[in-house]
Amino acid sequence: MDAAPASVATIAAMVTPGLLMLGSASLVASALVRMARVVDRARTLAAVARDGTWATSGVTPAQLRAWLDRHAARARYAARSIALLYAAIVVFIATCLAIAADRVLGPAASWLPLLLAIAGTLLLLGGATGMVAESRLSGEQIAEEIRIALTQLEGVKT
């Protein structure tokens with residue numbers, strides 16, 4: 001009779017890492033969308049640089065270079081975040097398995113689920129922190145683009 005409640009308790013304990021997996025997967029999806037936007041915009045800017053059409057775009061070569069550098073940094077932040085978030089998912093899966101193993105092996109491996117849960121949480125934190133840094137660069141980029149556009153509009157008669 002004790003086996004059923006212990007099994008239910010084990011399954012219930014495995015739900016928490018499952019929820020953390022869902023959260024990590026949601027952040028991965030968001031990071032992948034942001035990475036796609038960075039890549040698309042960087043390709044557009046690279047085409048402007050390659051074609052030499054920056055003057056018609058209203059930017060200087062120095063501004064274009066700065067924007068490409070910023071997009072390269074954004075891509076690095078996003079790529080690192082994606083890798084960390086995927087690693088967190090793997091570690092949370094391992095945490096679920098370690099909880100089950102703890103049930104089977106007894107106290108010999110009771111430290112493993114806790115260690116894995118902490119590691120997964122740290123990976124999740126690292127991935128989220130990278131996305132915050134990428135978002136900050138994105139905000140700087142759009143603010144600069146808006147400032148340049150407004151400056152160009154000041155000289156236009158309406």
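What follows draws every value from the coordinates through simple rules; no lab data is involved. As the structure is a computational prediction, the values presented were derived from the model and not from experiment. Cβ sites come from the backbone with ideal geometry, for glycine too, and all protein chains shown count toward neighbours.
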Subject >> Residues Asp51, Asp102, sorted so that the one with the fewest Cβ neighbours within 10 Å comes first >> reply: Asp51, Asp102
Subject >> Whole-angstrom gap from segment 1-67 to segment 118-158, using each part's C-alpha centre >> reply: 14
Original post:
In degrees, nearest 10, range 0 to 90: what is the angle between the Cα axis of helix 61-105 and the longest Cα principal axis of the chain?
Top reply: 10
Subject >> Estimated [θ] at 222 nm from DSSP helical runs (n ≥ 4, -39500 (n - 2.57)) normalised by residues in the chain, nearest 500 >> reply: -33000 deg cm²/dmol
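Hey, fewest Cβ within 10 Å first, where do Leu153, Leu137 land in order?
Leu153, Leu137
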